[in-house]
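Following: one structure in structure tokens, then a few remarks.
Nothing in this text is a laboratory measurement; each read-out follows from the coordinates by a stated rule. All values reported here derive from a predicted model rather than from experimental measurement. Cβ sites come from the backbone with ideal geometry, for glycine too, and all protein chains shown count toward neighbours.
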Amino acid sequence: MQQRGDDGVAAGVARGALRAAEDAQVVAERLRQVVEAHPSQTDAGSIGVTISVGVAFHHRTRPIEEALSRADARLYEAKQAGRNRVSSERLVI
């Protein structure tokens, strides 16, 4: 995981481009839903938590930094669209 301020970027590797794209989007959306459904308990009471997620895809012949940069751009796109969202790039094969 790479940390940038209060934002985090995680990268995973999967085989089968179409399946990986579908899985990445499904996992990101499920993660968003789980975080939203479980408020954080504090001494002051319950605090709702949400996340925004950016999804990008890495091709093994390209530097990983390119995919991280695109994921970061998708993250900020999700935030600008209202937060608590998943924004994914289209997979081009």
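Numbers at a glance
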read-out: Region 25-91: projected area of the alpha-carbon convex hull, averaged over directions, in nm²; value: 5.4 nm²
read-out: Loop-resident sites, region 40-93, for trypsin sites (Lys or Arg not before Pro), counting at most 13 other Cβ within 10 Å (DSSP); value: ARG60, ARG83, ARG90
read-out: Length added when fully stretched, LEU91-ASP23, from 0.36 nm per residue minus Cα-Cα; value: 23.3 nm
